[in-house]
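Here is the structure we will look at.
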Amino acid sequence: MSAKIGLTGDTTVYAADDDPIDLGLQIRSGHSGFHAVKYDVGGMRQICSNGMMAFDGRLHFEQTHSEPFQPSLAYNAVDSVVESPEIVENRIEEAQNQTFLNQDEALLVLLEQGIGEYLEQPVPDLLNSLHDEIDDRDSPTLWETYNAATRALTHYSRDVPDYELDTGFERAAALLENGYSELPDATKLGKETVEDRANQFIEDQDETEPYWEGEEESLRELMAEHQTQA
């Protein structure tokens with residue numbers, strides 16, 4: 001079960017002058033009782049109606065069903081929406097200043113994050129989203145790549161239950177959150193993704209299918225750029 005609650009007041013942030021994002025509270029709970037109740041600062045990007053999930057651990061609260069209900073968490077979550085605009089805008093600005101080597105690397109990161117699992121045509125859908133979001137194919141930013149993920153999940157997912165799609169948005173949010181309430185390093189993330197994917201081809205050569213025609217050549221070029229070997 002998932003619900004989104006909009007709040008009145010100054011809870012709009014701007015990725016650019018013409019790119020406002022309305023912040024609100026997103027509440028999730030598993031119907032079976034085995035999953036935690038989760039409160040997140042969510043967002044809706046006005047320019048393309050992309051859904052978003054909090055990408056800073058300080059904006060996430062949860063409790064398990066085995067614990068007594070803690071109304072203070074809900075109050076804290078509401079307060080965090082009101083107090084979060086500066087946190088969110090700072091994170092966006094940082095993400096706009098970090099870049100991947102090229103569009104192929106950004107695509108590979110999205111696929112390895114599992115975003116394609118929620119799409120009918122993972123590679124074409126993600127490429128379309130990257131095309132719409134990226135200004136420079138030779139230097140896609142972390143923020144643009146995140147927006148490509150949320151665009152694909154919002155507009156290209158088909159017949160995916162809300163609770164599964166929420167997991168997809170969580171995976172996308174990991175592009176802007178390293179588990180320590182900090183922004184991942186795009187260069188490190190890209191390099192590790194390229195190395196891991198190259199190792200898949202080496203270790204499971206007969207079972208690993210390329211994501212797209214020419215992927216192996218792209219991997220070789222990316223590894224040369226990173227000056228690394230599988």
- Query: Can you find even one residue in region 30-51 that is of a type in the set (Lys, Arg), modelled with pLDDT of 75 or more, assigned to a strand (DSSP E or B) and closer than 21 Å to residue 91 by Cα?
  - Reply: yes
- Message: I'm checking my understanding of the structure. Among residues of region 189-230 that are outside any helix (DSSP H, G or I) and open to solvent by 80 Å² or more (accessible area, probe 1.4 Å), which one is modelled with the highest pLDDT?
- Response: 213
- Task: Please give the helices (runs of 4 or more DSSP H) falling wholly within region 93-175 in which 2 or more residues are in the same structural domain as residue 221 (by the TED database), under 25 Å from residue 223 (Cβ atoms) and open to solvent by less than 10 Å² (accessible area, probe 1.4 Å).
- Result: 103-112, 122-133, 142-155
- Query: Restricted to region 58-92, and to residues that are touching a Gly at 6+ places or on another chain (Cβ under 9 Å) and in a helix (DSSP H, G or I), which residue is modelled with the highest pLDDT?
  - Reply: 88
- Within the set of pairs 6 or more residues apart or between chains, which connect a residue that is under 16 Å from residue 185 (Cβ atoms) inside region 86-102 to a residue that is open to solvent by 60 Å² or more (accessible area, probe 1.4 Å) with Cβ atoms less than 6 Å apart? 101/225
- Task: Look at residue 183 and say whether it is closer than 30 Å to residue 89 by Cα and either charged (D, E, K, R) or assigned to a loop (DSSP other than H, G, I, E, B) (or both).
- Result: yes
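The values are calculated or read from the model by the stated rules, or taken from the named source; none is laboratory data. Not measured: the values here are computed from a predicted model. Every residue, glycine as well, gets a Cβ built from its backbone with ideal geometry; the counts of neighbours run over all protein chains shown. SASA here: full protein model, heavy atoms, side chains in, ligands and nucleic acids out. Shrake-Rupley method; radii C 1.70, N 1.55, O 1.52, S 1.80 Å.
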